[in-house]
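Working notes, beginning with the structure itself.
All of the numbers you see were taken from the coordinates with simple rules; none came from a lab. Given the structure is predicted, the values throughout are model-derived calculations rather than measurements. Cβ sites come from the backbone with ideal geometry, for glycine too, and all protein chains shown count toward neighbours.
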Amino acid sequence: MSKYGMIVDIQKCMGCNACTVACKVEHNTPNELHFTEVLEEETGEFPDARRTFLPTLCNHCENPPCVPVCPTKASYTRDDGIVLIDHDRCIGCGACILACPYDQRSRVEDERTVLHDGTTVFENNAHAAIPKGVAVKCDFCYHRVDNGGVPACVETCPTQARIFGEWDGGEKPLRELALEYEAKGLLPEKGTEPNVLYIK
């Protein structure tokens, strides 16, 4: 089975945070908690100042350090490469949070959300309010992917900076794009082999 991944073209990202908002609405995440964020950096000096944006999310690694440290096996990898958390098994110990070198996991300390009733404006939403005390992260909108769709962040990006698909399948396999544009993963020294790569 081909595995899923994402390529993010940093040159196309304009820092609008549409992805952050779409993800928050799709997952009905608690207040102050985001599964994807856009980091910003300003370099240079006037008149040659430049602002760079870096969208971040769970990297759904080939060697996810968050999975083997979970004492209840709540963190696991599906056959298609998507790394998930079973909230019924999660005891909120935080081992996976500490193990993630990308700082992409959080514990729900306050489960209150803006929407309260678990509904969203996006179709095929499978997520009710997340329970307090569990670890959470980006899940590649697996409920959308399972129905032939793409993650909410990909669908809403106005510049198409995010490309989601199969590494070795589909009309345009991600592996070909990664090689063509020399896409790289973050923190290669960690040996996680992330399935989210970036084009500079």
Size of electric dipole in the range 4-199: Cβ of Lys, Arg +1 and of Asp, Glu -1, about Cα centre, debye, nearest 20: 380
The range 67-76 - phi-based ³J(HN,Hα) in whole Hz, Karplus 6.51/-1.76/1.60, Gly and Pro as x: 6, x, 7, 6, x, 10, 6, 6, 8, 8
Cut-off under 5 Å, modelled amide H: who pairs with C58 long-range: C138
For S75, residues with placed amide H under 5 Å, excluding near neighbours: D86
Rounded, prolate or oblate (a/c below 1.5 giving rounded, otherwise prolate when a/b exceeds b/c) for the chain by Cα gyration tensor: rounded
Theoretical gain in end-to-end length, L54 to E40 [0.36 nm per residue, Cα-Cα removed]: 4.4 nm
Pairs from K132/K172; K73/K184; K73/K190 whose Cα-Cα separation, in the structure shown, is over 32 Å: K132/K172
Most mobile of I163, I82, I91 in a GNM of the chain (Cα contacts under 10 Å): I91
For the chain, built as a Gaussian network whose Cα springs stay under 10 Å, the top-fluctuating residue of Y102, Y181, Y76: Y181
Residue among G92, G44, G148 with the largest mean-square fluctuation in a Gaussian network model of the chain, springs linking Cα atoms under 10 Å: G44
Degrees between helix 18-27 axis and first principal axis of the chain (Cα, 0 to 90, nearest 10): 20
Signed unit charges on C-beta, dipole axis of the range 4-199, positive-most listed residue P131, T29, W167: P131
Alpha carbon centroid spacing (whole Å) that separates the range 56-101 from the range 1-48: 21
